[in-house]
Every structure is written in C-alpha cells, then in structure tokens.
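What follows is calculated from the coordinates using simple rules that are stated; it is not laboratory data. The structure presented is a predicted model; accordingly, all values stated were derived computationally and were not measured. Backbone-built Cβ (ideal geometry, glycine too); neighbour counts: all protein chains shown.
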Amino acid sequence: MTLDLFGASDTGTYDRMGSAAGILRGFALPDVDALLPALADIQAASPFRHMITPGGFTMSVALSNCETLGWTSDRFGYRYSRVDPSHGRPWPAMPAVFLRLAQRAAAAAGFDGFAPDACLINRYVPGSRLSLHQDKNEVDSSAPIVSVSLGMAAVFVFGGHARTDKCFRTSLLHGDVAVWGGEDRMRYHGVLPMVDAPHPLLGSQRINLTFRKAA
Ligand code: MD3
Ligand code: FE
C-alpha cells in the first residue's frame, strides 16, 4: 500500500486492510461520468449541510444522503432518519448507478447480495477532517460498508476495535472503493485534515459515498 497524495491509483489492485476489508483501487473510475450528474440531482433535492454533533461541535465535513435512511446528527445524538431534517421530506432515491457500483464492489470483495438502504454522502474541503470513530448506528453489522472516493485525495486512518489500538494510514484516491465487512466492520477509522491539492475534475473538494445497510 502506498501513500501517494497526488498520483492516481494503480487501477485493478486490491489492497487488503484486514481479513474482510480492502480497497479496490480505481474500481469506480468507469462510473465517474454517470456518478457526477446523479450526485448533482441529489444535491439539488437534499443540499450538503454541516451537522451539529451531540457534543455541540459543527462537523467540518458537510453531508447529504440518499435512499430510505439518512444518517443525521444533532444535539440529541446520531441516528438514521427517513426524512431530511432540513425540509422534512424523504431523502432522494438511490440512483441505479450508485446501487450497481456498490453491489459490484461488495461482490468483488466477497460479499454477495449486498442490499444497502442508506447512502451517506460526505463532502470534504481543505481542512475538513473526520476524527477517529466507529460506525455503530447500523442495526445489522453483518452487512459490509462500501465506500467510494471521488475528487481530492485523503489520508485515511484505520485502527482496531479499541480507540487506543495502533493505527495505519493509506491514501484514498479518486475512484477508489473500500469495502469493510466481517470482523473488520467495527474498526476505528477516520480521515486526516484535507490538504488542498485540487483535483482536475472536482477541484478543491472530496466526495465520499458510504453505502450501508442501516436497518
Ligand atoms: C472502516 N467516512 O462516513 S470511508 C463515515 O472517507 C466515514 O468519508 C470516511 O468514515 C470518509 O463514517 C471513511 C471508509 C470507511 C467507511 C466505513 C468504515 C471505512 C470504514 C467502517 C468500518 C471500518
Ligand atoms: Fe465511518
């Protein structure tokens, strides 16, 4: 695994991160042209916003969601909601190109029949970060999480099952797809503060889609 902030991924390689986790380098590249307009439609219906954490902090990452359940945060906690709290209507449906990509990636990593009911969309700008956390708001942790990276490169940090376990770093580049399942599903992970290295297509931002089975 390489730490390359500016280069492109070695498309077609699988970087193993654990017994049931890995990164399919460049796996989403053939779908980018279809993903971006679908993303623009979602943004029009449910724009990116900065949510407040239960601790009272404003997240530096802006987010939106599509499909039945959307991940939300406010002073009362983290939860999945059927409606976008910014207007009270359902989240936009998941575009077919999103679902097909997530299912193909899950299958390529050994998880057949992945049926996500949630897709969290994170937007990072220079300086945005995601502190070390576990994804534990999903009821059924036997399903994997599939993540698609677009735009600027990020330094992704992942550790073990305790916050204090040793952490490892890898870059997530435009087109990379990570799949986390099985015993790796509850690993601590996060994203270091984003460095401004504008991407040719997306400029000074990074978009990350995480597909989950939340209910
Ligand atoms: C490892 N997002 O939204 S994606 C998140 O790049 C989140 O936006 C990061 O962590 C991002 O919760 C990381 C890769 C990822 C997603 C879920 C995981 C890695 C994971 C769940 C368990 C272990
Ligand atoms: Fe996470």
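Give, as a single signed number, the net charge of other residues whose beta carbon lies under 13 Å from the beta carbon of D165, with Lys and Arg counted +1 and Asp and Glu -1. Don't jump to the answer; show the numbers that get you there.
Working: positive: R163, K166, R187; negative: D184.
Local charge sum for D165: +2.
At H161 and A45, where each label point lies 7 Å from the Cα along Cα→Cβ, what is the point-to-point distance in nanometres?
Roughly 3.8 nm, to one decimal.
Would you work out if the stretch 118-174 is rounded, prolate or oblate? Take a ≥ b ≥ c from the square roots of the eigenvalues of the alpha-carbon gyration tensor; rounded if a/c is under 1.5, else prolate when a/b is larger than b/c, oblate otherwise. Write out the running numbers ahead of the final one.
Values: a/c = 1.88, a/b = 1.19, b/c = 1.58.
Since a/c reaches 1.5 but b/c is at least a/b, the shape of the stretch 118-174 is classed as oblate.
Just to be sure I understand: if I project the alpha-carbon convex hull of the stretch 32-74 onto a plane and average over all orientations, what area do I get in nm²?
Averaging across all directions leaves 3.6 nm² for the Cα convex hull.
If you average the sequence gap of Cα pairs under 8 Å that are 6 or more apart and divide by the length of the chain, what percent do you get for the contact order?
Values: 519 pairs, mean separation 57.1, N = 215.
Across the chain, relative contact order equals 27 percent.
With no solvent and one point per C-alpha, what does the Debye sum give as log10 I(q)/I(0) for the stretch 7-112 at q = 0.17 Å⁻¹?
Computed log10 I(q)/I(0) values: -0.98.
Between D10 and L132, what is the label-point separation in nm under the 7 Å Cα-to-beta-carbon projection?
Modelled inter-label distance: 2.8 nm.
Per-residue ellipticity at 222 nm for the chain, helices alone: DSSP H runs ≥ 4 residues times -39500 (n - 2.57), over residue total, nearest 500 deg cm²/dmol?
Details: 2 runs with 27 residues, N = 215.
When only DSSP H runs of four or more count, the value is -4000 deg cm²/dmol.
For the chain, set up a GNM with springs between Cα atoms under 10 Å and report which of P30, P95, P193 has the largest fluctuation.
P30
Can you work out the PRE-style zone for M186? Point 7 Å along Cα to Cβ, and I want the residues of the stretch 109-148 with backbone N under 16 Å.
Answer for this model: 133-145.
I want to verify a result. In a Gaussian network model of the chain, Cα cutoff 10 Å, which of these has the top mean-square fluctuation: A162, A102, A143?
So, out of A162, A102, A143, the one fluctuating most is A162.
Measuring from a point 7 Å past the Cα of A215 along Cα-to-C-beta, which residues in the stretch 108-144 have an amide N at less than 12 Å?
Inside the label zone: 117-118, 139.
Quote the charge dipole size of the chain about the Cα centre in Debye, to the nearest 20; the model charges only the Cβ of Lys and Arg (+1) and of Asp and Glu (-1). Before the final figure, lay out each step's value.
Values: 20 positive and 19 negative charges, 102 e Å.
The calculated dipole for the chain is roughly 480 debye.
When the Kirkwood radius is taken over all Cα pairs of the chain, what Stokes-Einstein diffusion coefficient follows at 25 °C and 0.890 mPa s, in µm²/s?
On the way: Rh = 17.2 Å.
For these conditions, the coefficient is 143 µm²/s.
Along the stretch 107-124, what does the Karplus equation 6.51 cos²θ - 1.76 cosθ + 1.60 (θ = phi - 60°) give for ³J(HN,Hα), rounded to whole Hz, x for Gly and Pro?
So the J values, rounded to whole Hz, are 4, 5, 9, x, 10, 7, x, 5, 10, x, 10, 8, 9, 8, 10, 9, 10, 10.
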